[in-house]
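Below: the structure, in structure tokens.
The values are calculated or read from the model by the stated rules, or taken from the named source; none is laboratory data. All figures in this text were calculated on a predicted structure; none of them were measured in a lab. Here the Cβ positions follow ideal geometry from the backbone for every residue, glycine too, while neighbour counts run over all protein chains shown.
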Amino acid sequence: MDTLQTQVTLLNQKMDALFQAIEELSRQVSNALGEMRATTQTHSRSNSGETNHHRHILDDLSDHKDILIDSNGAETMAASSDRIMTPELQIQRLTAQLTAAYNRIAALEEQLLARRIS
């Protein structure tokens with residue numbers, strides 16, 4: 001039982017680190033989006049086709065399927081803490097979240113690299 005608790009604690013620490021990394025990447029994406037918006041606003045209206053293309057890209061990034069709007073995060077956490085989960089289930093759940101977070105970080109990094117290249 002002690003090793004399960006250690007694994008759960010370790011996974012929780014990894015999740016915290018990943019959430020911090022995701023928040024940092026989100027800030028970087030937001031900054032990049034802000035720069036793109038500022039750039040598109042300074043272009044003349046004669047480039048309306050290009051401007052519409054940039055706005056479409058910005059909208060797509062803002063409405064991405066992996067970007068979650070956390071309107072009731074505290075309520076969700078309170079509700080989930082009411083349920084008691086077995087350590088094995090917690091480990092499976094945290095492992096799945098960890099994998100999803102790693103994949104999301106990789107996707108965000110690819111987006112940032114693509115934006116910097118273009």
Determine whether the range 34-46 contains at least one residue that is exposed (fewer than 10 other Cβ atoms within 10 Å of the Cβ), at pLDDT below 80 and part of a loop (DSSP other than H, G, I, E, B). yes
Every listed condition ((1) touching a helix residue (DSSP H, G or I) at 6+ places or on another chain (Cβ under 9 Å); (2) modelled with pLDDT under 85; (3) surrounded by 12 or more Cβ atoms within 10 Å (Cβ to Cβ)) holds for residue 97 save (2)
task: Determine, yes or no, whether residue 79 is in a helix (DSSP H, G or I), modelled with pLDDT of 85 or more and small (Gly, Ala, Ser).
output: no
Note on the range 1-11: residues in contact (Cβ under 8 Å) with a residue 12 or more places away in the chain and surrounded by 11 or more Cβ atoms within 10 Å (Cβ to Cβ) are 4, 5, 7, 8, 11
Across the range 12-33, the tally of residues that are surrounded by 11 or more Cβ atoms within 10 Å (Cβ to Cβ) and either closer than 12 Å to residue 104 by Cβ or touching a residue at least 24 places away in the same chain (Cβ under 8 Å) (or both) stands at 13
